[in-house]
1. Which of the residues spanning the range 137-183 are part of a loop (DSSP other than H, G, I, E, B) and under 21 Å from the mean Cα position of the chain (by Cα)?
2. Answer with yes or no whether VAL153 is surrounded by 13 or more Cβ atoms within 10 Å (Cβ to Cβ), β-branched (Val, Ile, Thr) and touching a residue at least 12 places away in the same chain (Cβ under 8 Å).
3. Looking at the range 81-110, which of the residues that are at pLDDT 70 or above and assigned to a loop (DSSP other than H, G, I, E, B) is least open to solvent (accessible area, probe 1.4 Å)?
4. For THR31, are the conditions met, namely being open to solvent by less than 40 Å² (accessible area, probe 1.4 Å), more than 18 Å from VAL90 (Cα to Cα) and within 13 Å of the chain's Cα centre (by Cα)?
5. Say whether the condition of being at pLDDT 90 or above and farther than 22 Å from ILE180 by Cβ is met by at least one residue in the range 42-51.
6. Being within 13 Å of GLU59 (Cα to Cα) and among the hydrophobic types (A, V, I, L, M, F, W, C) is the filter here; which residues of the range 137-149 pass it?
7. Taking the options SER173, SER138, name whichever one is closer than 30 Å to SER100 by Cβ and touching a Pro at 6+ places or on another chain (Cβ under 8 Å).
Amino acid sequence: MEPTPLFVPGKGGMKLFTDLRNRNVQVSVLTNSFASTDEPIVHLAYSRYRKPLLTMGVELYELSQKRVKDNMQSLLMSSTIGRLHSKSVVIDKQMSYIGSMNLSPRSATINTEFGAVIDSKQLAKELGQLIEVDRLHSAYRVQLLSSGHLQWVAPDSDGKKIMTTEPDSVWWSRWFGTFIEPLVPENNL
């Protein structure tokens, strides 16, 4: 399980995820949705990897700005901008990573970042529970249909809410994203 606001796996990440899935390791990623990110260009680079990741069996969740706001108001009586900022990973319910590094090429090679790897079952359990709450209550699960199209699914008071376009976004931003996505220089993100 890993939540990260800026997620662009690149070739190295895809190899890692492929190796993990070939060993039947469950991989679940929680990242920002197109509507909740403050870096839409990075989200466009990530969007290139959604179908390949889903095809190999990686679970993808994208944070919903609207669902975060609704949940925060009903649960904590607080306001939030509904954007994921944490960078953490739980491995084998034993190891945890918590830090400032996004999982993107820029963070791996250009930015100065900090992170701690902690070997603690208790911390891994608690961090995993926090991630699970966000996943269940504040995110859409991205699924790949047999037609090759994506859908975003979220629990709703009436069962499930299913969308076939980027949730909480407007048509012109999706159109513009589709137009510029091929021009996004992944190695600089």
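The values are calculated or read from the model by the stated rules, or taken from the named source; none is laboratory data. Not measured: the values here are computed from a predicted model. Note: ideal-geometry Cβ built from the backbone for every residue, glycine included; neighbour counts use all protein chains shown. For accessibility, only protein heavy atoms count, side chains too; no ligands or nucleic acids. Shrake-Rupley method; radii C 1.70, N 1.55, O 1.52, S 1.80 Å.
1. We begin by selecting, within the range 137-183, every residue part of a loop (DSSP other than H, G, I, E, B); these are 145-149, 157-158, 164-170.
Scanning the range 137-183 gives LEU145, GLY148, HIS149, THR164, THR165, GLU166, PRO167, ASP168, SER169, VAL170.
2. yes
3. Quick first cut of the range 81-110, residues at pLDDT 70 or above only: 87-101, 109-110.
Those left that are additionally assigned to a loop (DSSP other than H, G, I, E, B): 87, 92-94, 100-101, 110.
Numbers: LYS87: 22, ASP92: 131, LYS93: 164, GLN94: 55, SER100: 46, MET101: 61, ILE110: 93 Å².
For the range 81-110, the residue satisfying everything is LYS87.
4. Working: open to solvent by less than 40 Å² (accessible area, probe 1.4 Å): yes; more than 18 Å from VAL90 (Cα to Cα): no; within 13 Å of the chain's Cα centre (by Cα): yes.
Taking the combined requirement at face value, the residue does not satisfy it.
5. No, there is no match, as no residue in the range 42-51 is at pLDDT 90 or above and farther than 22 Å from ILE180 by Cβ.
6. ALA139, VAL142, LEU144
7. Going through SER173, SER138 in turn, the sole match is SER173.
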